[in-house]
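Each reported figure results from applying straightforward, stated rules to the coordinates on display, with no laboratory input. Please read all numbers here as calculations on a predicted model, not as lab measurements. A quick note on method: Cβ atoms are made from the backbone with ideal geometry, for glycine too, and the neighbour counts reach across all protein chains shown.
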Amino acid sequence: MSNKINLLILSFALRPVAGKSHFGSSNCLPYFCVMNSLTEENYLKALFSLADDKGEVGVNELSKRLEIKMPTVNSMMKKLAEKKLVHYESYKPLRLTEKGRKEAGLIIRKHRLTEMFLVEKMGFGWEEVHEIAEQIEHIQSAAFFDKMDVLLGYPKVDPHGSPIPDKSGKLVWRNYQKLSNCKVGDTITLAAVIESSTEFLTYLNGRELRLGIKIKIKAIEPFDGSMTVSYGKNTSVVLSSTVTERLLGEML
Ligand SMILES: [Zn+2]
């Protein structure tokens, strides 16, 4: 987070709050409540995205993803368990509770709606929006995001093709296929990208690879799995497996 935003939150949070607390809790200093809730939200999001088929995440894995040391992760998990957001037992994998999953889904909803808004209404490129959405997703007002939803016409996916959870935080996954799993002769419509880093999306921009295009697989190199493909006006483009593993599509 930039210092500017940090200061903004600080100056807002330290203003004396008369009567009803802005932060829904009266027994802690507003400043710490805000910072905590922001950190908690990032933990919830990471738990949601790292969950395996059984909904489980190793503490180790979480610690690696967030680049936070294990003891800190463990003490945060105890805190989230007290709030009934996470099932937490020593030496066992972590699991979000129903409440935790819902809250994580709602944060992801805010993130993805924001990305869509930035692209559709403000003219940002899909490679520019992730970092901005990381900041905006922590705004608490539901009305703010509901309005965004209305202005966008209730989109089902974000600019990277990822599904937007509904108002109850529920997320429906589409059955897409990785380009890397396709065979020679297959044609797929590019529907989503797994990674939304600026570097990766800028790479795709440079090769005119965007959602909705039809990609035909012409050849696969057995040695490293790189693919020769054609799409649009491009008749022969070689994509490495690092790229094809990050592209999802619907088989035609
Ligand atoms: Zn994003």
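One-quarter of the Cα convex hull surface for segment 139-196, in nm²?
5.3 nm²
Using a 10 Å cut-off on Cβ atoms, rank the peptides 37-47, 87-97 from the highest mean neighbour count down.
Highest-to-lowest ranking by the protection proxy: 37-47, 87-97.
Give the value in nm², to one decimal: projected area of the alpha carbon convex hull of segment 121-252, averaged over all directions.
Its Cα hull, projected and averaged over all orientations, spans 9.0 nm².
For segment 108-167, take every pair of Cα atoms, bin their distances at 5 Å starting from 0, and report each bin as a whole percent.
4, 22, 35, 28, 10, 1
Could you state the angle between the C-alpha long axis of helix 30-50 and the longest principal axis of the C-alpha atoms of the chain, as a value from 0 to 90 degrees rounded to the nearest 10?
Taking Cα atoms only, the helix is inclined about 30 degrees.
Taking amide H positions as placed 1.01 Å from N in the peptide plane, with prolines and chain starts having none, which residues 5 or more places from Leu94, or on another chain, fall under 5 Å of its amide H?
Amide H to amide H, under 5 Å and 5 or more residues apart or across chains, Leu94 pairs with Val57, Gly58, Val59.
Using a basic spin-label model with each label point 7 Å from the Cα along Cα→Cβ, how many nm lie between Thr72 and Glu131?
2.1 nm
So for segment 177-251, considering every pair of alpha-carbon atoms, how many percent are separated by more than 14 Å?
More than 14 Å apart: 55 percent of the Cα pairs in segment 177-251.
Report, in cubic angstrom per residue, the convex hull volume of the C-alpha atoms of segment 38-96.
Convex hull volume per residue, Cα atoms: 70 Å³.
Take the Cα atoms of the chain, build their convex hull, and give its volume per residue in Å³. Could the numbers behind the result be given before it?
Numbers: hull volume 40.5 nm³, N = 252.
About 161 Å³ per residue, rounded to a whole number.
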